[in-house]
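These notes are about the structure you will find just below.
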Amino acid sequence: MRISTWALMRREIIRVMRIWRQTIFPSVVTTILYFAIFGFVLGERVGTIDGLPYPVFVSSGLVMLAVTVNSYSNTAFSVYIEKFNRSFEELLSSPLSDHQIIWGFMVGGAFRGILCALFVWLTCVFFVGAQMVNPLYFLLAVSLTSMVFSLLGMANGLVAQSFDGLNVVATLILSPLTMLGGIFYSVNMLPEFWQQAAWVNPLLYIGNLFRFSMSGATNIMPNLVILVLVGLIVTLYILSIWIMRFTHYVRQ
């Protein structure tokens, strides 16, 4: 069973590497464009935010953005394509347990998220210099966040009935939460009411963890954010298991 689980993980990892022009390269290009527009053009006018130069402030958010988008997209589309090609049924009929299938896809999505985070961080280093105040927290932030959004992609890929169903979560949920997650501004710049409302957004917590790990600035205790991420992983994992069990029931 361990061999079969590793085989599924290895397949997903190889798929990411083979189509690197679609999985890695776009994140680097997007980061360069963000720096060109927000980092330098607006950065000269904005100055500093929370004691950080604006390009430095933005860079941690761009790394987080790369992790969330790529981890989610990889697992969601990989699972749905398996369903679309009717090959997911073979996995369900195989000796692999639901846990092994979920781990196989989750590791593939997390691998893509971590790899994109590395390349985006290197791009940030090129533009604004080395940033890594707390390496351990950075590793935790990248690893846990990639797992969270890989599992979210897994759940959405299992329930989606079309490619449009995959884009609903990315367009109507992830994108607004990301843009409102303090990537390009500080929550301290908002009026009092909106500051309180902003803390309902989980991506604001995650963004603060990335900013703390890279620059040392934060609006919340990083250990609390780690606990939130662990809770999200457990919740989404249980949800994925429940959907898998329901899928077995429907097939029977």
> Given R₀ = 25 Å, FRET efficiency for residue 122-residue 194 by Cβ-Cβ distance, to 0.05?
Replying inline: 0.15
> To the nearest 500 deg cm²/dmol, what mean residue ellipticity at 222 nm is calculated for the chain from DSSP H runs of n ≥ 4 alone, each contributing -39,500 (n - 2.57), summed and divided by the residues?
Replying inline: -24500 deg cm²/dmol
>> Tell me the per residue accessible area of the range 1-154 using a 1.4 Å probe; a whole number in Å² is fine.
In response: 47 Å²
> Ignoring ligands, DNA and RNA, what percent of the 1.4 Å accessible area of the range 153-252 is carbon and sulfur?
Replying inline: 71 percent
> Any idea what angle helix 54-84 forms with the longest principal axis of the chain, computed on alpha-carbon atoms, 0 to 90 degrees, nearest 10?
Replying inline: 10 degrees
> If you count, for each residue, the other Cβ atoms within 10 Å and average over each peptide, how do 10-19, 174-183 line up from highest to lowest?
Replying inline: 174-183, 10-19
> Hey, what's the range 159-227 come to in accessible area per residue, 1.4 Å probe, Å²?
Replying inline: 51 Å²
>> Give me the percent relative contact order of the range 1-154, please, defined on Cα pairs under 8 angstrom at least 6 residues apart.
In response: 38 percent
> Counting Lys and Arg as +1 and Asp and Glu as -1, what is the net charge of the other residues whose Cβ lies under 15 Å from the Cβ of residue 100?
Replying inline: 0
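The values are calculated or read from the model by the stated rules, or taken from the named source; none is laboratory data. None of these values were measured; they are calculated from a predicted model. Note that we place each Cβ from the backbone using ideal geometry, even for glycine, and neighbour counts take in every protein chain shown. The area values use the complete protein model at the heavy-atom level, side chains included, leaving out ligands, DNA and RNA. Shrake-Rupley method; radii C 1.70, N 1.55, O 1.52, S 1.80 Å.
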